[in-house]
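First up is the structure itself, then whatever we jot down about it.
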Amino acid sequence: MLHTSCLRSAVRSGACARGALAQRYVLRLYSSAVAGTPLSVPITLPNGTTYTQPTGLFIDGDFVPSADNRTTEVADPSTELPIARVFKAGAADVERAVAAAKRAFESSWATADPEVRAKCLFRLADLVEQHADTLAAIESMDNGKSLECSRGDVALVSKYLRSCGGWADKLYGNVIDTGKEHFAYSVREPLGVCGQIIPWNFPLLMWSWKIGPALVTGNTVVLKPAETTPLSALYAAQLCKEAGVPAGVVNIVPGSGRVIGEALCKHPDVKKIAFTGSTATGRTIMKNAADTVKKVTLELGGKSPNIVFADADLDKAVRSIAHGIFYNSGEVCCAGSRVYIQDSVYDEVLEKFRQYTAGIKVGNPFDPDTFQGAQTSQKQLDKILDYVKRGEEEGARVVIGGKRRGAKGYFVEPTIFADVREDMQIVKDEIFGPIVTVSKFSTVDDVVHKANDSQYGLAAGIHTKDVNKAVAVSRRLKAGTIWINTYNAFHQSVPFGGFGQSGIGREMGAAALENYTQVKSVRMAIDAPEF
């Protein structure tokens, strides 16, 4: 937080140092700081770059304090030190945001030419690219993930927003032949105000997966970022404004999941809820949205199998299974957290996997050699270490890892468990960390049965040189995404979502647009012409 004495000094020197424009900016900071927490603060990133971080709620095109002026502290998971204080929204702020979004929807946004929405999204994608280094650094500082992972996230964000813009004039309806006495057709229309709730593991990426399809189809949004990782969503909000997105179309309200989530789910003017997070919370979302019969899409948990057949390129398979579980510090809903290796190559692959894992660098997210950064919170670190203890108590063997790394920051060693049974908690439960279980199998039927023995069905991996086997096994696996000879290979045009308790609906691709539109049918009687 800025001290008022520093701000007064800045005001006195602002005109000399940077001219009248800079002085007006500093005066705005000063006036907001005098009243309490400022609406933006300068932050120096670990790489030495300084940027201005918005800290207010983003409602109706402006950053504003919360109605009760409550704030919450955001910390760096790799150092455990505070980054900034941001305003914390409450139920009254949800009312303000929903009202702004409703006004924007009922103005010209929903009925504007598709080109208008396309241009906004194209400009937003360009701005994300221009600010890519800052956005990636914010993600690594706020979430704890390595800069390598953050850069991958930001690259997909810009690609996806641009892809969404391309759909603006391709939301086709149908002409329906119902006979010569009627003319019938259908059109797709936006829903209205959409409530969106995103998680802490991919803050900016999930922001784009929600914002992009909602905006291109003519909806407006009230989005709640995770309470622990709100910084990139707020920074990106100002890019929306710069891109020409009208006031009220995008609103960002950081705050408690229970308070904000419940308010959005129960609000009669919110027509849809999109949620990414745990399956347990997803169930609560559905219940809270039921009274007003909202459209609900859920991208939930997973316990995804990753299968290595004996005929695979084993070195390539090892790299893929390591990437599948240790990417993003294991905090990935579709992580390949259950590895199955065919018995004839089990010992060989397990040893190769151990050696590869031993070479993974864990530590400072801003070190260019780091692949695995910090876990996002003390709570998540404690949960992971508790599962390590449980696994050992259940009789599983720790091949490598299993301990906290260092005394400062939420770092944990990448961990491999072998000699596991299918009924162990570490095999059944979603741990959401860099912990993987390794089992052996003998036949296709054997591994398909084990892979499908889960309440989840988000993703799966298959590693084999036999294309016939790959296709046949992929047809039998109950999962929304199957990766063959790769893992975590996302593309903006490929739909992503789960089977079973891994969710409802799809992100990305044409399928995502269905989540944000409704079908209207029109049938008009035609009198037979007289000649």
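The values are calculated or read from the model by the stated rules, or taken from the named source; none is laboratory data. These figures come from a predicted structure and were not determined experimentally. Cβ: placed from backbone, ideal geometry, glycine included. Neighbour counts: every protein chain shown. Side chains included, ligands, DNA and RNA excluded: accessible areas come from the protein's heavy atoms. Shrake-Rupley method; radii C 1.70, N 1.55, O 1.52, S 1.80 Å.
The label-point distance for residue 172 and residue 392, in a model that sets each label 7 Å from Cα toward Cβ, rounds to 6.0 nm.
Principal axis analysis of the Cα atoms in the range 247-406 yields extents of 58, 37, 35 Å, listed in decreasing size. Calculated over the range 108-219, the projected area of the Cα convex hull averaged across directions stands at 8.6 nm². Sorting the Cα pairs of the range 49-159 by distance into bins of 10 Å, from 0 upward, gives 12, 29, 36, 21, 2 percent per bin. Among the protein heavy atoms of the chain, carbon and sulfur supply 52% of the accessible surface, probe 1.4 Å, non-protein parts ignored. Its Cα centre serving as origin, the range 305-489 has a Cβ charge dipole (Lys and Arg +1, Asp and Glu -1) of approximately 400 debye. Counting only aspartates and glutamates at least 8 places from residue 389 when in the same chain, there are none with an alpha carbon closer than 12 Å to its own. Take every pair of alpha-carbon atoms less than 8 Å apart whose residues are at least six positions apart; their mean separation over the length of the range 305-489 yields a relative contact order of 29 percent. Between residue 361 and residue 290, the distance separating the two model label sites (each 7 Å from Cα on the Cα→Cβ line) works out to 5.1 nm. Computed from the Kirkwood radius of its Cα pairs, the Stokes-Einstein diffusion coefficient for the range 301-368 at 4 °C and 1.567 mPa s stands at 102 µm²/s. With the convex hull constructed from alpha-carbon coordinates only, the range 305-489 shows a mean projected area of 9.7 nm² over all directions. Ligands, DNA and RNA are left out, and with a 1.4 angstrom probe the accessible area of the chain is 41 Å² per residue. Taking amide H as placed 1.01 Å from N in the peptide plane, residue 462 has its amide H under 5 Å from the amide H of 307, 483, 484, 485, 486, each at least 5 places away in sequence or on another chain. Helices meeting the span-like rule in the chain (full DSSP H runs, Cα extent of at least 27 Å along the helix axis, mean Kyte-Doolittle score of 1.6 or higher) are absent. Distance distribution P(r), the range 415-531, all Cα-Cα pairs, bin width 5 angstrom from 0: 2, 9, 14, 19, 17, 12, 7, 5, 3, 3, 3, 2, 2, 1, 1, 1, 0, 0 percent. Using the Cβ-Cβ distance between residue 471 and residue 511 with R0 set to 25 Å, the FRET efficiency works out to roughly 0.75. Projected label points at residue 520 and residue 423, each 7 Å from Cα along the beta carbon direction, are separated by 5.7 nanometres. The value given for the chain is a Kirkwood hydrodynamic radius of 24.5 Å, derived from the mean inverse Cα-Cα separation. Candidates 502, 344, 320 compared by Cα position along the dipole of the chain: farthest toward the positive end lies 502, with charges placed on Cβ.
Distance between the C-alpha centres of the range 77-112 and the range 149-175: 22 Å, rounded to the whole angstrom. Expressed as a whole number of Å, what is the distance separating the alpha-carbon centroids of the range 409-429 and the range 363-391? The range 363-391 and the range 409-429 have Cα centres separated by 13 Å. Ranking 203, 264, 443 by Cα position along the charge dipole of the chain, where only Lys, Arg, Asp and Glu carry charges on their C-beta atoms, puts 264 farthest toward the positive end. Students often get this wrong, so check it: of 88/266; 159/469; 170/287; 102/520; 383/408, which have C-alpha atoms separated by over 22 Å? Pairs exceeding the cut-off: 159/469; 170/287. Near residue 53, the amide H atoms lying under 5 Å from its own belong to 41, 43; only residues 5 or more places off or on other chains count, and H is placed 1.01 Å from N. Relative to the Cα centre, the charge distribution of the range 204-362, modelled as +1 at Lys and Arg Cβ and -1 at Asp and Glu Cβ, gives a dipole magnitude of about 720 debye. Here the sum of -39500 (n - 2.57) over DSSP H runs of 4 or more residues, divided by the residues of the chain, equals -13000 deg cm²/dmol at 222 nm, to the nearest 500. In the range 169-267, the inverse of the mean reciprocal separation of distinct Cα atoms equals 15.3 Å; this is its Kirkwood hydrodynamic radius. Using only side-chain charges placed at the Cβ, +1 for Lys and Arg and -1 for Asp and Glu, the dipole size of the chain relative to its Cα centre rounds to 960 debye.
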